[in-house]
Structures are given as C-alpha cells and as structure tokens.
Amino acid sequence: MGPEFKDTPSHWMPYVSVEDVDAKAKQVTELGGTVCVPPSDIPHVGRFCIITDPTGATLSLIKLNPHAEG
C-alpha cells in the first residue's frame, strides 16, 4: 500500500455495478450518505465513485465499459 493509506485499517472494498454512477452518487447525497470519492473515470475500465451510507458502510459504485467486461 502507498503512503496515502498509512492510517487506513485493513478492510474490504466491495464494488456494486450500477447503470449511472453520477446519478447514484447524487442519490446517495440526497438520501443522507456521503460521496467520499466523486465519480471518476478509470481509463479502459469504466467510471466509479466511493460512497458511505448513512450507517457508515463504505463501498464503491462502478459502471464498467462494455469492452472491459468479460
């Protein structure tokens, strides 16, 4: 791990596939959650963001590029 993770405890980062990362990130905020990493592109992979729900659970949302799947 890089130095940016020095205080991060060991954890899992699940990814949930969604149709529209930007729309879901907006919905997270509207429903009381937090967008920790705003929607961003991953070249040759897709678009993702990292969210925390109102209870504190953190996960990533992703929309894979069609060419990246399978």
Inset, instruction - Working only within the stretch 12-40, note down all residues that are touching a strand residue (DSSP E or B) at 6+ places or on another chain (Cβ under 7 Å), part of a loop (DSSP other than H, G, I, E, B) and surrounded by fewer than 12 Cβ atoms within 10 Å (Cβ to Cβ). - result: Met13, Pro14, Glu19
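Collect the residues in the stretch 38-58 that are among the hydrophobic types (A, V, I, L, M, F, W, C) and in contact with a Ser or Thr (Cβ under 8 Å, 6 or more places away or on another chain), keeping them in residue-number order.
Step one: filter the stretch 38-58 for residues among the hydrophobic types (A, V, I, L, M, F, W, C), giving 42, 45, 48-51, 57.
Result: Phe48, Cys49, Ile50, Ile51.
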Legend entry - Of the criteria (1) on the phi < 0 side of the Ramachandran plot; (2) surrounded by 13 or more Cβ atoms within 10 Å (Cβ to Cβ), which one Gly46 fails: (1)
Inset, instruction - Would you check which residues across the stretch 51-69 are on the phi < 0 side of the Ramachandran plot, outside any strand (DSSP E or B) and not polar (S, T, N, Q) and list them? - result: Asp53, Pro54, Ala57, Pro66, His67, Ala68, Glu69
Legend entry - Failed item in (1) touching a residue at least 12 places away in the same chain (Cβ under 8 Å); (2) of a type in the set (D, E, K, R); (3) assigned to a loop (DSSP other than H, G, I, E, B), with Asp7 passing the rest: (1)
Legend entry - Selection from the stretch 41-50 of residues that are more than 12 Å from the chain's Cα centre (by Cα) and either of a type in the set (Asp, Glu) or in a helix (DSSP H, G or I) (or both): none
Inset, instruction - Filter the stretch 1-11 down to residues that are at pLDDT 80 or above and either surrounded by 10 or more Cβ atoms within 10 Å (Cβ to Cβ) or hydroxyl-bearing (Ser, Thr, Tyr) (or both), then give me how many there are. - result: 1
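The values are calculated or read from the model by the stated rules, or taken from the named source; none is laboratory data. What you are looking at is a predicted structure, and each value in this text was computed from that prediction instead of being measured. In this analysis, Cβ positions are derived from the backbone assuming ideal geometry, glycine residues included, and neighbour counts consider all displayed protein chains.
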